[in-house]
Amino acid sequence: MLEIGTKAPDFTLPDKDGNPVSLSDFAGKKVVLYFYPRDNTPGCTRQACAFAAAYEDFKRLDVAVIGVSKDSAASHQKFAQKHSLPFLLLSDPELSVIQAYDVWQEKKLYGKVSMGVVRSTYVINESGVIEQAIPKAKPDTNAAEILDYLRA
């Protein structure tokens, strides 16, 4: 995980429609950048739906929500349509941003060790600096936890 107070690495990735989106596009605005393992898996779906349900609250606070996984733009498009996700989903199949944000890590499942995306969330301030970092975010409470933090 990157440290709080670190300049957030800038990036450009395609959204679900293949349009390039850069972190620098959001200069002057707070950004919730969350990394998740895979579209349409139970935990990732619950997490995305929780962000979707809270989306109006994030908009009222003038905070952009961006989800990143290694899934393709086409996968993101189906995922967003199926669950009516109103926020950006960015595709990082090369793992460049996932690795830059230090969320590609060793994971253990049933004693088997593999590399994968560790569900993590960053809050990036208007100046592009990480002001909050949540490693091993819980899918069901992540959106509410971030909203509570932003309102505090």
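The values are calculated or read from the model by the stated rules, or taken from the named source; none is laboratory data. Just so we're clear, the structure is a prediction, and the values are computed from it rather than from any experiment. Glycine gets a Cβ as well: all are built from the backbone with ideal geometry, and neighbour counts include every protein chain shown. Keep in mind that these areas ignore ligands, DNA and RNA; they rest on the heavy atoms of the full protein, side chains included. Shrake-Rupley method; radii C 1.70, N 1.55, O 1.52, S 1.80 Å.
If we count every other residue with Cβ under 15 angstrom of R151's Cβ, Lys/Arg +1 and Asp/Glu -1, where does the sum land?
On the way: positive: K30, K59, R60; negative: E56, D57, D62, E131, E145, D148.
In short, -3.
With +1 on the Cβ of every Lys and Arg and -1 on the Cβ of every Asp and Glu, and nothing else charged, how large is the dipole of region 36-152 about its Cα centre, in debye rounded to the nearest 20? Working shown, then result.
On the way: 14 positive and 14 negative charges, 111 e Å.
Computed about the Cα centre, the dipole is about 540 debye.
Past 27 Å, Cα to Cα, is the threshold; run K30/K107; K16/K138; K29/K107; K59/K138; K108/K138; K70/K108 against it and keep the listed order.
Checking Cα-Cα distances, K30/K107; K29/K107 exceed 27 Å.
Listed highest first by mean packing, meaning other Cβ atoms within 10 Å per residue, what order do 70-76, 9-15 come in? Present the calculation step by step, with values, prior to reporting the outcome.
Working: 70-76: 18.7, 9-15: 16.4.
Highest to lowest by the protection proxy: 70-76, 9-15.
Give me the percent relative contact order of region 97-152, please, defined on Cα pairs under 8 angstrom at least 6 residues apart.
Value for region 97-152: 21 percent.
Over all directions, average the projected area of the Cα convex hull of region 80-152 and note it in nm².
6.8 nm²
Would you mind getting the accessible area per residue of the chain, heavy atoms of the protein chains only, 1.4 Å probe, in Å²?
Details: 7620 Å² over 152 residues.
For the chain, the per-residue accessible area is 50 Å².
Please name whichever of G111, L85, S75 sits farthest to the positive end of the charge dipole of region 69-131, dipole taken about the Cα centre and charges placed at Cβ: Lys and Arg +1, Asp and Glu -1.
Value computed over the given set: G111.
In percent, how large is the relative contact order of region 10-142, given Cα pairs closer than 8 Å and 6 or more residues apart?
That works out to 31 percent.
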